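A.B. asks: Here's a structure for you.
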Amino acid sequence: MKFINPDIPSSYVHSSMGEILYDAVLEESAKIIVDIGILNGYSTVCLARAAKHTGGRVYAYDLFDDYQYNSADIEQVKHNLALYNVSDVVDIKKMSLDDWLKEKQEFDILHVDVSNTGETIEKLYDQLSCRTGRVFFEGGSLTRDIKQDWVNKYNTKKFSDVDKKISFRLLKEDVIKSDSGRIFYPSISELYINNNGEEDEKSIS
């Protein structure tokens, strides 16, 4: 059950951040796994590979061509799922994070990567407080707060400024320079809901 990093374009791939998601599924023997904001399917494949060992299923949601920025191509995602032999454990559906929250779907593992801001994390915390699964999200690092270009351009709420009642822990971060010269600062964190973090303090570094 050793993790093998999928060769799928993603801000996570360079530092194998998908291993965190893969390990979490195995640790929890997760059966219901939700991935929101899947782009090319990197995180979905990582989660699904682990789901093969736990008898779980991955529910993957994205806006696809309705997202105005770096949108996912559903046919490319399906190709990647087939390439890594996980199509049989993944259900794909076009849906936004807000619409998914209204569905009140239970989960063992949730991963959210939808151009996250501090407001995204506050929304997740407020609306998932009655659920017991583990929540992971892209973001959470001080470097991303300070240096990421779109965060500053749109003056979004930073992770360091979220409500003090909210606890999360930065698990990994990276710096990536794209072919166009843009620099990205991906990171992955775990959000603690319903006291599942044992009152861990917010970690921004």
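A.B. asks: Could you list, in sequence order, the residues of the stretch 66-92 that are at pLDDT below 85 and either in contact with a strand residue (DSSP E or B) (Cβ under 9 Å, 6 or more places away or on another chain) or at positive phi (or both)?
C.D. replies: Of everything in the stretch 66-92, those that are at pLDDT below 85 and either in contact with a strand residue (DSSP E or B) (Cβ under 9 Å, 6 or more places away or on another chain) or at positive phi (or both) turn out to be Asp66, Ser71, Ala72.
A.B. asks: Looking only at the stretch 160-191, which residues are without any contact (Cβ under 8 Å) to a residue 60 or more places away in the chain, farther than 15 Å from Tyr125 by Cβ and assigned to a loop (DSSP other than H, G, I, E, B)?
C.D. replies: Val175, Ser178, Asp179, Ser180, Gly181, Arg182, Tyr185
A.B. asks: Then there's this: Please indicate, with yes or no, whether at least one residue in the stretch 143-161 is of a type in the set (A, V, I, L, M), in contact with a strand residue (DSSP E or B) (Cβ under 8 Å, 6 or more places away or on another chain) and more than 15 Å from Ser15 (Cβ to Cβ). Give the steps one after another, and end with the answer.
C.D. replies: Our first condition is that a residue be of a type in the set (A, V, I, L, M); within the stretch 143-161, this holds for 146, 151.
From what's left, in contact with a strand residue (DSSP E or B) (Cβ under 8 Å, 6 or more places away or on another chain): none.
No - not one qualifying residue is present in the stretch 143-161.
A.B. asks: Right, another one. Scanning the stretch 28-42 for residues that are among the small types (Gly, Ala, Ser) and farther than 12 Å from Val86 by Cβ, which turns out modelled with the lowest pLDDT? Walk me through how you get there before you give the answer.
C.D. replies: Residues of the stretch 28-42 that are among the small types (Gly, Ala, Ser), as a first pass: 29-30, 37, 41.
Narrowing further to those that are farther than 12 Å from Val86 by Cβ: 29-30, 37.
On the way: Ser29: 98, Ala30: 98, Gly37: 95.
Ranking the qualifying residues of the stretch 28-42, first place goes to Gly37.
A.B. asks: Every residue in the stretch 124-143 that is of a type in the set (Lys, Arg) and over 18 Å from Cys46 (Cβ atoms), please. Reasoning before the result, please.
C.D. replies: Taking the stretch 124-143 first, the residues of a type in the set (Lys, Arg) are 131, 134.
Arg131, the sole residue that qualifies.
A.B. asks: Another question about this same structure. From Asp7, Asp35, grab the single residue that is acidic (Asp, Glu), touching a helix residue (DSSP H, G or I) at 6+ places or on another chain (Cβ under 9 Å) and under 13 Å from Phe137 (Cα atoms).
C.D. replies: The conditions single out Asp35.
A.B. asks: From the list Ala24, Ala51, which one is farther than 22 Å from Leu124 by Cα and in contact with a strand residue (DSSP E or B) (Cβ under 7 Å, 6 or more places away or on another chain)? Please lay out each step first, then the result.
C.D. replies: On the way: Ala24 fails: farther than 22 Å from Leu124 by Cα.
Going through Ala24, Ala51 in turn, just one is farther than 22 Å from Leu124 by Cα and in contact with a strand residue (DSSP E or B) (Cβ under 7 Å, 6 or more places away or on another chain): Ala51.
A.B. asks: Out of (1) in contact with a strand residue (DSSP E or B) (Cβ under 9 Å, 6 or more places away or on another chain); (2) outside any helix (DSSP H, G or I); (3) surrounded by fewer than 16 Cβ atoms within 10 Å (Cβ to Cβ), what's the single condition that is false for Val58?
C.D. replies: The number of the failed condition is (3).
A.B. asks: Next question, about the same structure. Looking only at residues in the stretch 161-193 that are at pLDDT 95 or above and polar (S, T, N, Q), which one is farthest from Ala24 (Cα to Cα)?
C.D. replies: Ser167
A.B. asks: Right, something else. Identify, by number, the condition in (1) modelled with pLDDT under 95; (2) touching a Ser or Thr at 6+ places or on another chain (Cβ under 6 Å) that Ala60 doesn't meet.
C.D. replies: Result: Ala60 passes all but (1).
A.B. asks: Which of the numbered conditions does Glu27 fail, given that it passes all the others? Conditions: (1) without any contact (Cβ under 8 Å) to a residue 24 or more places away in the chain; (2) more than 15 Å from Glu138 (Cα to Cα); (3) surrounded by 15 or more Cβ atoms within 10 Å (Cβ to Cβ).
C.D. replies: It is condition (3) that Glu27 fails.
A.B. asks: Just to verify a result, which residue in the stretch 107-148, among those that are of a type in the set (A, V, I, L, M) and under 14 Å from Ser187 (Cβ atoms), is farthest from the chain's Cα centre (by Cα)? Lay out the reasoning, then the answer.
C.D. replies: In the first step, residues of the stretch 107-148 are kept if they are of a type in the set (A, V, I, L, M); the result is 109-110, 112, 114, 121, 124, 128, 135, 142, 146.
This time we only want the ones that are under 14 Å from Ser187 (Cβ atoms), so: 112, 121, 142, 146.
On the way: Val112: 3, Ile121: 11, Leu142: 18, Ile146: 20 Å.
Out of the qualifying residues, it is Ile146.
The values are calculated or read from the model by the stated rules, or taken from the named source; none is laboratory data. Everything numeric here is computed off the predicted structure, so don't read it as measured data. Cβ sites come from the backbone with ideal geometry, for glycine too, and all protein chains shown count toward neighbours.
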